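*Asks:* Following this message is one structure expressed as structure tokens.
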Amino acid sequence: MSEVFGYHLVPLHDVARRITDGSHFSPTPREYGYLIANVKDMKSGEIDLSTCTRISPSAYRELKATGCTIKNGNVLLSKDGTVGRVVVYRQDEEIGALSSICIIEPDDQLDAAFLGQALQSEGCTRQYDNFMSGSALRRLVLRDIRSIKVPLPESEHQRAIAKILDTLDTAIHETEAIIAKLKAIKQGLLHDLLTRGIDANGELRPPQNEAPHLYKESPLGWIPKEWDVQPLECMANVSRGKFTHRPRNDPRFYGGKHPFIQTGDVAAAEGEFVSTYSQTLSDRGISVSQEFPVGTIAITIAANIADTAILAIPMYFPDSVVGAIVDKAYNIRFVELSIRKAKRILDARAPQSAQKNINLQDLRPLLLAVPEKPEQDAIAILYETLQNQLQNECDALAKYRFEKSGLMDDLLTGRVRVTPLLEGTIP
């Protein structure tokens, strides 16, 4: 097939001056020297120079003499192990490459940015899979890469398509960076909220080493003077799910209309509200189980210890999940955060065996540092505000990725033309 919706498809070797790979030997790493890149350094459409290995000047000269260096304008395709990562190299610094990276220098017929987008398209990834089918080792060889067919619109169309898709890539990468920053802030904030709390002015208390008079010693270490230490069982009714193991998918117990949450569902929630579930119980199934109400904190006690989620709808649990129904005198989110903070302690209590687990005797007496209810509420609100911001960015990222996926399919196949854009009718 040589044409898709009017765009001619050509083998890569017909539109490239050079298709090669990096060095097949690994130079000795040095503390200082020239850079050499591997697949691990191909991140978010760029080479992360900060993670590249350094090599000696003599080793670099050997790479350069054998054509194993990356130059501005080259298009890079990961070909070993992790296959299909693409980078359009736009940095002035010439660096070395290892053999896991294919280096493509497009000729004048092919715009580098357009090629970078085309190599990420569904049409190209299908070709990668076809070349690797039947092989246990995921690897593309140069012979196959040279024969990969890519679309070849007119040059001005290539540049317009690349500009549209590159704009979305920029939005994706910027949103990914915001999400990473918010996650780091969230982790630090969670620690501060549960060790320092919020004072009467709505501010985090100073750390204990800066204001020791605001803190007191406790079985959990230094805590604010106004706080107490309480066992979880005094704050919540803690009980284990009653549905014990039954043959998988047994229609007598499974497949009804009653939501049944699994340990994997709890882990996937990462402490947040959960309304999704991987299985359901029949009426007979719930006759040997127990329903937990909205607001229950689900806590895993097998395999992954002390993963948490808060029920957004009533659900049934297996016996590998515990439900903590929090007393009205306490804030549910605050209690969940406190259990999450204790995950490492609970995990350490589990026997180091193939199937790690804890029991109610580990959870019920779990000591938590607890402020008065108004401060619990303030801590919960501050956490939820940041979590909502993070979720909004994650939603935006999903939207950008969905938009790009659809546009790639439309633009790179020619199903939707960029002619109106070139004529100035699209802003």
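*Asks:* Out of GLU217, GLU210, report the one residue that is among the charged types (D, E, K, R) and assigned to a loop (DSSP other than H, G, I, E, B). Walk me through it before giving the result.
*Replies:* Working: GLU217 fails: assigned to a loop (DSSP other than H, G, I, E, B).
It is GLU210.
*Asks:* Still on this model: So which strands (runs of 3 or more DSSP E) stay within segment 30-141 end to end and still have 3 or more residues that are touching a Pro at 6+ places or on another chain (Cβ under 7 Å)?
*Replies:* 53-55
*Asks:* Output the residues belonging to segment 307-333 that are assigned to a loop (DSSP other than H, G, I, E, B) and within 19 Å of ILE379 (Cα to Cα).
*Replies:* The answer is ASP327, LYS328, ALA329, TYR330, ASN331.
*Asks:* Also, I was wondering about something else. What is the number of the single condition among (1) farther than 22 Å from LEU220 by Cα; (2) at pLDDT 90 or above; (3) basic (Lys, Arg) that LYS356 does not meet?
*Replies:* So LYS356 meets the others, but not (2).
*Asks:* Continuing with this model, one more query. Looking only at segment 165-173, decide whether some residue is part of a helix (DSSP H, G or I), touching a Lys or Arg at 6+ places or on another chain (Cβ under 6 Å) and in contact (Cβ under 8 Å) with a residue 60 or more places away in the chain.
*Replies:* For segment 165-173, residues part of a helix (DSSP H, G or I), touching a Lys or Arg at 6+ places or on another chain (Cβ under 6 Å) and in contact (Cβ under 8 Å) with a residue 60 or more places away in the chain: present.
*Asks:* Same structure, new question: Among the candidates ARG205, ARG252, ARG240, single out the residue that is exposed (fewer than 13 other Cβ atoms within 10 Å of the Cβ), in contact with a helix residue (DSSP H, G or I) (Cβ under 7 Å, 6 or more places away or on another chain) and not small (Gly, Ala, Ser).
*Replies:* ARG252
The values are calculated or read from the model by the stated rules, or taken from the named source; none is laboratory data. Values in this document were obtained by computation on a predicted structure and should not be read as measured data. Quick reminder, even Gly has a Cβ in these numbers, built from the backbone with ideal geometry, and neighbours come from all protein chains shown.
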